[in-house]
Amino acid sequence: MLFSGRCNETNEGTQLKVRIGLGLGTNPKTTDSKTLGVFVENLERLRFDSLWFSERVSGSALDPLVAMSWIAARTEKLKFGPSVMVVPGRNPVLLAKSLASLDVISDGRVLPAFGLGAVNLGEHQAFGVNREDRSPWFNEALPLMRRLWEEDNVTHHGDRFSIEQVRVLPKPIQKPLEIWLGGLASSELRRVGRLGDGWLPSFCTAEDVAAGIPVIDAHSKEAGRPLIDREHFGALIIYTSDGSMPEPIVKAVQARRPDLKATDIVVQGQAGIENRIKEFIDAGASKFILVPYVEPHDWVFELESLASNALHLQN
């Protein structure tokens with residue numbers, strides 16, 4: 001990890017280091033090389049921890065593998081990851097090769113975060129996987145990629161993939177290359193406990209995180225795995241800089257979390273971000289992605305304001 005941060009204590013008395021990154025949504029305007037260059041240079045200058053790229057074939061977001069390769073070349077310390085990369089429909093051997101290569105050329109700065117993909121027929125068609133087949137594909141592909149990163153030669157015969165003595169080189173610099181997963185549903189928490197190294201949910205509250213951690217722990221124990229590192233729980237935080245609450249985000253919250261108000265999920269104004277992060281820290285989280293619902297016209301001003309309002313929690 002790059003920066004030591006504000007610490008809270010676990011039940012075991014160990015201190016958690018807070019990390020704050022920034023994410024671009026599924027339809028960002030920051031896609032041209034000039035704007036993106038200014039953006040990432042200031043992220044690194046201000047000591048943001050990481051940058052995250054959403055994946056949506058039908059959206060304006062850049063392909064995450066292409067974008068992360070560009071970021072690796074333009075920065076020296078900034079970590080980066082997809083939020084999240086769709087696994088069903090991708091060849092796990094080739095994806096393992098791509099991410100291992102990215103980790104090597106970036107000196108160990110890749111943060112793999114995976115998901116099943118949006119609940120959208122067009123996205124399912126783009127990846128060539130029926131909705132009901134996404135989970136089985138994911139559940140077979142993830143352990144296989146982990147083996148390819150860690151073992152010299154891999155033989156696997158499963159329902160979807162069959163390989164004999166396959167070797168992926170170069171190996172990642174990070175050992176292990178840790179996998180982050182999201183989600184709040186019971187099946188998703190089970191998957192995090194069985195397959196993940198970190199949990200980074202979205203559209204969530206501090207209460208969701210506090211309730212989810214012991215559930216994930218229980219699934220890890222059931223699967224015979226070590227518990228997830230206490231520093232590998234986090235949350236994605238959506239905010240609006242001007243304090244507004246646009247109707248589209250209100251509808252999005254209502255669709256995904258009908259039991260909550262939009263203000264329970266979306267922070268209105270940068271001044272409220274610090275308190276929201278502290279709520280999550282008290283719940284056991286320490287890794288955060290801030291996502292502006294409306295992209296600013298001036299990224300330098302936006303990032304400097306965010307640094308003033310939130311980044312002091314890292315130090």
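Residues are listed down the side, and each one gets a yes or a no for (1) crowded, with 21+ Cβ neighbours inside 10 Å; (2) in the same structural domain as E140 (by TED's automatic domain parsing); (3) part of a loop (DSSP other than H, G, I, E, B); (4) not small (G, A, S):
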| residue | (1), (2), (3), (4) |
| --- | --- |
| L169 | no, yes, yes, yes |
| Q174 | no, yes, yes, yes |
| E188 | no, no, no, yes |
| G193 | yes, no, no, no |
| P214 | no, no, no, yes |
| E231 | no, no, yes, yes |
| I249 | no, no, no, yes |
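Rundown of residues vs (1) without any contact (Cβ under 8 Å) to a residue 60 or more places away in the chain; (2) over 21 Å from G115 (Cβ atoms); (3) not small (G, A, S), yes/no style:
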| position | (1), (2), (3) |
| --- | --- |
| G183 | no, no, no |
| S186 | yes, no, no |
| G196 | yes, no, no |
| W199 | yes, no, yes |
| T240 | yes, yes, yes |
| F280 | no, no, yes |
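Within segment 79-157, which helices (runs of 4 or more DSSP H) (wholly inside it) include 3 or more residues that are buried (at least 17 other Cβ atoms within 10 Å of the Cβ) and modelled with pLDDT of 95 or more?
So the answer is 92-105, 134-150.
What helices (runs of 4 or more DSSP H) completely inside segment 259-315 contain at least 2 residues that are of a type in the set (V, I, T) and assigned by TED's automatic domain parsing to the domain that holds V18?
Where helices (runs of 4 or more DSSP H) fall fully within segment 259-315 and carry at least 2 residues being of a type in the set (V, I, T) and assigned by TED's automatic domain parsing to the domain that holds V18, they are 262-265, 273-283.
Name the pairs: first residue in segment 17-45 and under 30 Å from D282 (Cβ atoms), second residue outside any loop (DSSP other than H, G, I, E, B) and hydroxyl-bearing (S, T, Y), Cβ to Cβ under 9 Å, at least 6 apart or on different chains?
Listed by first residue and then by second, the contacts come to R19/S50; I20/S50; G21/S50; L22/S50; G23/S50; L43/S50.
Looking only at segment 44-59, count how many residues are of a type in the set (S, T, N, Q) and under 18 Å from the mean Cα position of the chain (by Cα).
2
The values are calculated or read from the model by the stated rules, or taken from the named source; none is laboratory data. Here the structure is a predicted model, which is why all the values come from computation and not from measurement. All Cβ positions, even for glycine, are placed from backbone atoms using ideal geometry, and neighbour counts span all protein chains on display.
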